[in-house]
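A short write-up of the structure that comes next.
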C-alpha cells in the first residue's frame, strides 16, 4: 500500500538529520504536550506527535532544518571561517540568526507560534534543556531553536485544529 503523501528527499533528509542529532519525534511531541496540556484535557502524546509529523511535512520547515543543522555540523567539525566558527560553536548570545531560522518555522502556523516559541525557548523543558547544555564536542546552536520552533508550530497547529479554525487532520 502506497503512502498518501510520500516523503520527498528533502523531507527524508531533514527527519534523518534531526534523528542523527539525537532528537526523536517523541521528544518534540513531549514539548508540544508541555505547551498544550494546560489547555487541552486528555491530550495524548500520540496526538502531539501527529502534529509534529505534519509540521515536518512542510517544505519551509525542512529547509530551515537542513540549513541550521548543517551549520551546527560544520561548526562541530571546525569547518567554518572565523569569526563565524566561534560565534556558532559557542552560541554567542547576540548572534540571533539561530532564532531567525526558528521564527521562519513558527510563522508557518500564525502568530500564536511566536508566543509558544518564546515561552518554550525561555523555559527549556525536556530535550531543549539537554540540547542547550554546551559541551566541547557538540554544537546545537541551531538545533535547540529548531526543535523548540517545531514544537511551537505543532502546538499552534494543534490549538487551531481543536478550535476548528481549519481542517487539519
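Where a number appears in this text, it was derived from the coordinates with a stated rule and is not lab data. Everything quoted here is computed from the prediction, not taken from an experiment. Here the Cβ is made from the backbone with ideal geometry for all residues, glycine too, and neighbour counts use every protein chain on show.
Model label sites at residue 81 and residue 41, defined 7 Å from Cα along the beta-carbon direction, differ in position by 6.0 nm.
Mind telling me which of 90, 114, 142 comes out most flexible in a GNM of the chain, alpha-carbon contacts under 10 Å? For the chain, modelled as a Gaussian network with Cα springs under 10 Å, the answer is 90. As a rough footprinting exposure proxy, the listed residues 34, 119 were ranked by other beta carbons within 10 Å of their own, and the order from fewest upward is 119, 34. Each part gets one Cα centre, and for the stretch 1-63 versus the stretch 84-129 those centres are 17 Å apart.
Rounded to a whole number of µm²/s, how large is the Stokes-Einstein D of the chain at 4 °C and 1.567 mPa s, given Rh as the Kirkwood radius over C-alpha pairs?
On the way: Rh = 16.1 Å.
It diffuses with D of about 80 µm²/s by this estimate.
Based on Cα contacts under 8 Å between residues 6+ apart, the chain shows a relative contact order of 30 percent.
Here the spin labels are modelled as points 7 Å beyond Cα on the Cα-Cβ line, and at residue 124 and residue 60 they lie 2.8 nm apart.
Here the alpha carbons of the stretch 1-97 define both size measures, Rg and Dmax, at 16.4, 51 Å. Each of residue 53 and residue 12 was given a label point 7 Å from its Cα along the Cα-to-Cβ line. The distance between the two points is 1.8 nm.
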